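Q: This is the structure I want to talk about, given as structure tokens.
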Amino acid sequence: MNLFRSEEHLTRWLHHWHAAGDYVLPVEEWATVFSAPTFRRRLEPDYLARAPEYLEEYRRALQAAGKSLPAPDRILSTVLFTDIVDSTRHAAQIGDSEWRALIRRHDDLIRGQLQHFGGREIDRTGDGFLSAFQSPARAIRCALAIGVEVHSLGLRVRAGVHSGEFEVLGDHLGGIAVHIGARISALAGPDEVLVSQTVRDAVVGSGIAFEDRGSHELKGVPGEWQLYGVAP
Amino acid sequence: MRWLFPGQEVLVESRCLDCAESVSVRMRDEEMLEIDPETAVGYMPSPFAASRVGSAAFN
């Protein structure tokens with residue numbers, strides 16, 4: 001929080017810095033806002049990574065002070081989730097130190113492929129990655145490349161791809177579409193790239209072939225979801 | 001301050017970002033004990049404000 005001697009001083013300063021979001025309150029009201037339990041989470045080491053989960057709490061704390069958050073922007077995008085298969089067993093076999101070194105090489109490899117295929121790293125998910133692409137075909141090709149490359153490290157990954165509208169929350173993506181992508185990834189087998197029907201329909205004409213994996217319920221997501229495995 | 005220094009009196013000495021004159025706040029938990037000057041206001045750029053959505057991560 002930035003302090004100003006008065007609202008007049010703040011107005012003068014904002015004239016030179018056109019930030020949106022008018023979160024201006026008398027200092028004593030900020031003290032009340034910050035006493036809300038949600039702000040205690042800022043002491044947690046993974047606060048930044050989990051910030052999107054706390055958005056609703058944060059919104060309520062601001063609402064109590066008469067402020068509101070802007071409606072999140074929504075964009076059409078494609079997410080790719082990758083996750084190392086049997087990571088716990090693998091880590092136990094080789095020990096913590098060697099596992100950490102292996103994970104660093106895995107991370108470098110994935111980031112290299114993201115760069116090659118125009119993907120952007122959004123978040124880490126345990127031993128996996130959440131990344132975003134403008135093109136679903138690129139996301140699939142990136143997932144296939146990652147699946148092949150990690151074999152050189154003695155690893156196997158599962159991958160899930162989903163396209164949809166996502167909420168943009170700072171540097172994060174949010175919304176039900178992220179959960180769908182994560183659920184799809186969790187259903188993928190070793191070396192498999194599993195996609196939603198939305199993705200399959202979007203890449204018609206790309207030359208990418210699919211195999212029907214049937215209809216699935218995705219935990220916490222309404223409806224039945226037809227999923228497809230990418231043919232290698 | 002409740003979360004960082006529960007029950008303790010805390011003095012925050014700062015500067016106005018506009019004029020660099022002093023702004024100080026003395027408080028305990030969320031109770032305000034003294035604000036100098038009394039007209040002081042706080043501005044919190046929100047990480048979810050419109051200026052920060054649509055960031056480069058999602059171009």
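Q: Return the long-range amide H neighbours of A:Asp123 (sequence gap of 5 or more, or a different chain), with a cut-off of under 5 Å between placed amide H atoms.
A: A:Leu130
Q: In addition: How crowded by other chains is B:9-15, given as the mean number of beta carbons from other chains within 10 Å of each beta carbon? Show your work: numbers first, answer last.
A: Numbers: counts 0, 0, 0, 3, 1, 4, 4.
Rounded to a whole number, the mean comes out at 2.
Q: Continuing with the same structure: Just the ratio, please: alpha-carbon radius of gyration of chain A over 2.2 N^0.38 Å, N its number of residues.
A: Normalised Rg, Cα atoms only: 1.23.
Q: Can you tell me which of A:189-200, A:155-166, A:95-106, A:110-121 comes out highest on packing, and rank the rest after it, using the mean Cβ neighbours within 10 Å? Working shown, then result.
A: Numbers: A:189-200: 21.6, A:155-166: 23.8, A:95-106: 13.3, A:110-121: 17.7.
Going by the mean number of other Cβ atoms within 10 Å, highest first, we get A:155-166, A:189-200, A:110-121, A:95-106.
Q: Please give the average number of partner chain Cβ atoms lying within 10 Å of the Cβ of each residue in B:25-34, rounded to a whole number.
A: Counting Cβ atoms of other protein chains within 10 Å of each residue's Cβ and averaging gives 3.
Q: Still on this structure, I have one more. So for segment A:73-230, taking the charge dipole from beta-carbon charges (+1 Lys/Arg, -1 Asp/Glu), which of A:Val148, A:Ala209, A:Gly160 sits furthest toward the positive end?
A: A:Val148
Q: Return A:Ile94, A:Ile75, B:Ile35 ranked ascending by Cβ neighbour count within 10 Å, so the fewest neighbours appear first.
A: Least to most surrounded, the residues fall as A:Ile94, A:Ile75, B:Ile35.
Q: Pop out the ³J(HN,Hα) list for segment A:195-205 in order, Karplus 6.51 cos²θ - 1.76 cosθ + 1.60 with θ = phi - 60°, rounded to Hz; leave Gly and Pro as x.
A: 10, 7, 4, 4, 5, 4, 5, 6, 9, 3, x
Q: What's the magnitude of the charge dipole for chain A around its Cα centre, counting Lys and Arg as +1 and Asp and Glu as -1 at the beta-carbon? Answer in Debye, nearest 20. Kindly include the intermediate steps, with their values, before the conclusion.
A: Details: 25 positive and 31 negative charges, 46 e Å.
Around 220 debye, computed over chain A.
Q: Moving on. Assuming R0 = 25 Å, can you tell me the calculated FRET efficiency for the pair A:Ala231 and A:Asp108, based on Cβ-Cβ distance, to the nearest 0.05?
A: E between A:Ala231 and A:Asp108, to the nearest 0.05, is 0.35.
Q: Among A:Lys219, A:Lys67, which comes first, second and so on when ranked by fewest other beta-carbon atoms within 10 Å?
A: A:Lys219, A:Lys67
Q: Search the structure for amide H atoms under 5 Å from the amide H of A:Leu218, placed 1.01 Å from N in the peptide plane, and list their residues when 5 or more places away or on another chain.
A: When sequence neighbours closer than 5 places are left aside, the close amide H contacts are A:Trp225.
Q: Right, something else. Round to the nearest 0.05 the FRET efficiency obtained for A:Ser206 and A:Glu165 when R0 = 22 Å and r is the Cβ-Cβ distance.
A: After rounding, the FRET efficiency stands at 0.55.
Q: Quick one: check the C-alpha center-to-center distance for segment A:97-139 versus segment B:1-44, whole angstrom.
A: 43
Q: Now, a different point. Among A:Tyr228, A:Tyr54, A:Tyr47, rank each residue by its count of other Cβ atoms within 10 Å, from fewest to most, as a rough exposure measure. Write out the running numbers ahead of the final one.
A: Values: A:Tyr228 22, A:Tyr54 16, A:Tyr47 13.
Exposure proxy ranking, most exposed first: A:Tyr47, A:Tyr54, A:Tyr228.
Q: Let me ask something else about it. For a protection proxy built on the mean count of beta-carbon atoms within 10 angstrom, sort A:221-227, A:79-85, B:24-30 highest first, please.
A: Packing order, densest peptide first, comes out as A:79-85, B:24-30, A:221-227.
Bear in mind that the values in this text are calculations on the coordinates, not laboratory data. Only a predicted model underlies this, so the values are computations on that prediction, with no experimental measurement involved. Using ideal geometry, Cβ is built from the backbone for each residue, glycine included, and neighbour counts are taken over all protein chains shown.
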